[in-house]
Amino acid sequence: MLGKIVHIEHRIGWIAIRDDHGEITIAELLGGYSVEKGNVISGDLHTCGGSTFYNRSTGEELSVMVEYVGLNDQQAVAAIQRCG
């Protein structure tokens, strides 16, 4: 599945990715990766837990911990605020 990074929360290392259906996945980056808003990400965006995503914009594999899946905009903001 493909998605685009729509938000980066640097203070807690989370990225928010909007998929083709408009749903948002929030994942914690488990490394010192350089990602930018608008980067195209592929991987299993709908399963919580440890995973590897692929940043198609940079050609880099990303080790992540998927925290939330299937969120709308309001839910994503609330999830980030709870953890931050």
Subject >> Cβ pairs under 7 Å, 6+ apart, first in region 59-84 and among the small types (Gly, Ala, Ser), second surrounded by 13 or more Cβ atoms within 10 Å (Cβ to Cβ) and assigned to a strand (DSSP E or B) >> reply: 76/16; 76/24; 76/26; 79/26; 79/68; 79/71; 84/9
**OP:** For residue 33, work out the one condition from (1) over 13 Å from residue 3 (Cβ atoms); (2) under 11 Å from the mean Cα position of the chain (by Cα); (3) crowded, with 16+ Cβ neighbours inside 10 Å it doesn't fulfil.
**Re:** (2)
Subject >> Matching residues in region 56-83 - criterion: being open to solvent by less than 60 Å² (accessible area, probe 1.4 Å), in contact with a strand residue (DSSP E or B) (Cβ under 7 Å, 6 or more places away or on another chain) and not in a strand (DSSP E or B) >> reply: 76, 79, 80
Subject >> Residues within region 43-55 that are surrounded by 14 or more Cβ atoms within 10 Å (Cβ to Cβ), assigned to a strand (DSSP E or B) and on the phi > 0 side of the Ramachandran plot, tallied >> reply: 0
**OP:** Working only within region 1-27, note down all residues that are assigned to a strand (DSSP E or B) and open to solvent by 60 Å² or more (accessible area, probe 1.4 Å).
**Re:** 2, 4, 7, 18
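The values are calculated or read from the model by the stated rules, or taken from the named source; none is laboratory data. Remember, predicted model here, so these are calculated numbers, not experimental data. Glycine also receives a Cβ, built like all others from the backbone with ideal geometry; neighbour counts cover every protein chain displayed. Note: areas computed on protein heavy atoms with side chains; ligands, DNA, RNA excluded. Shrake-Rupley method; radii C 1.70, N 1.55, O 1.52, S 1.80 Å.
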